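See structure below.
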């Protein structure tokens, strides 16, 4: 139990909304129910989407909710040298790619393939002489070696064929930014994360991350993917779909945010708590009972 380490890793593209709070709450409760550590990491590598001050707003909102992390907050933007080291360690598994998104889509159309986003392997064997590298991709295996399986604590046995369903994926983008898949694997390992609890919208990333963990000689964490909050139109609640901040600075976050988030996670609280400390005690007990911890 004592070796458990979990984390919450939001992107600072705006204030936290209810969907973010549900993910944060699930990871926090799982860590507390295991008597483990819980970390906070700001995933701010997508500089085009970062909003100034959003990271500090996120930290303040979590504190208002009574959530406490067990180490210093980590910003991914301060760790880019670690991603370069990992990229170099991957050696021949990585190759430069000169393709634009339009060229990838056109190549798949010409080949009669339906999914225009899966990379067709154009630059696997080298870049044409009149082209320059735009991005760096990870070469995925083929056949049975491309099938990655893992056990999700909520969703059960999961399987994905990286070759057929994903293709060679980007580790460093054409704009020079580091891709999420590599950064998250490097940082989870560096921080000693043993259990990942996050939204089901990230389930599709798991096989790619497990493959990277294997290539880098890293331990694969235990995964749990919780349901995502949807808006009235059935879309995932997000900043792109107009999700509002749950923390307005002066509102009652217990009544307006924490209790609704616990209800969404189907946590039956024995009594309705009067304060935030009592909420976390009751919610942790309910989480432990729900998952037989």
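Overview of values
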quantity: Rounded if a/c under 1.5, otherwise prolate or oblate - the chain, Cα gyration tensor axes; calculated: prolate
quantity: Nearest 10 degrees, 0 to 90: helix 180-190 Cα axis against the chain principal axis; calculated: 60
quantity: Antiparallel %, DSSP beta bridges [both residues in the chain], to 5; calculated: 55
quantity: Length added when fully stretched, residue 155-residue 272, from 0.36 nm per residue minus Cα-Cα; calculated: 39.2 nm
quantity: Alpha carbon centroid spacing (whole Å) that separates region 206-276 from region 55-69; calculated: 14
quantity: Angle in degrees between helix 54-64 and the longest Cα principal axis of the chain, rounded to the nearest 10; calculated: 30
quantity: Beta bridge orientation in region 110-262: antiparallel %, DSSP, nearest 5; calculated: 65
quantity: Degrees, to the nearest 10: 101-110 long Cα axis against longest axis of the chain; calculated: 60
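The numbers here are math on the coordinates, done by the rules we state, and not lab data. Note that this is a predicted model, so its numbers are computed, not measured.
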